[in-house]
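What follows is a short report on a single structure.
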Amino acid sequence: MKKIIYSILALLLITGCSSCEEKIDIEKEERAIKAVIKEETVSFVARDYDRLVANYVQDESNIRLTASKSGYKYYVGWEELSSRFKKYFENNPEPGIWKQTRTNYKIKVYKESAWAVFENEGYHSAGRFTELTGKGIDVRFLEKVNGEWKIVYLSHVYTASYEDDEEGEKESESED
């Protein structure tokens, strides 16, 4: 009988400890994730390499994918991506004159990783006028490195470069 009671107590202790895991403050983490995404863009526009790369996981798992009507670009590994940034900044040293507007975030947070999907609009600004230059759907996968969120996967699909195909949307919706 004592063995059964001790077994039950041990089981309760084990299950009780598993529920003692630190709770994730989802709202706080979502704010931190959005801040990293924003900082990545702001530092890119400013052509600030050191600020930019501070937002990324810097190893071979890093991937960047962009797609538009004219094709796609795919970079694998930090060496390839960082050299792309360096080359772009060398060829375009002046800060950019555009901004991004992000809406409709969908974010899923785990203990050490998260993903974010959102709509993105790019605007070219010159003086008082702004011109919409691109629309897209973005995905970021982030990992926590030393307690800070870092981007390990970035993709951007330029949706404005594709013609709307309402007929195709209706067909794909009916297939579900």
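Label-to-label distance for E22 and Y123 is 3.8 nm, based on points extended 7 Å past Cα in the beta-carbon direction. Taking a point 7 Å out from the Cα of R84 in the direction of its Cβ, the residues of segment 29-58 whose backbone N falls within less than 20 Å of it are 36-58. What pairs in K28/K144; K38/K99; K69/K108; K34/K99; K99/K135; K34/K111 have C-alpha atoms more than 21 Å from each other? Table pairs above 21 Å Cα-Cα are K69/K108.
Only the coordinates and a few stated rules stand behind these numbers; no lab work does. Quantities reported herein were computed from a predicted structural model and do not represent experimental measurements. No Cβ is skipped: glycine too gets one built from the backbone with ideal geometry, and neighbour counts run over all protein chains shown.
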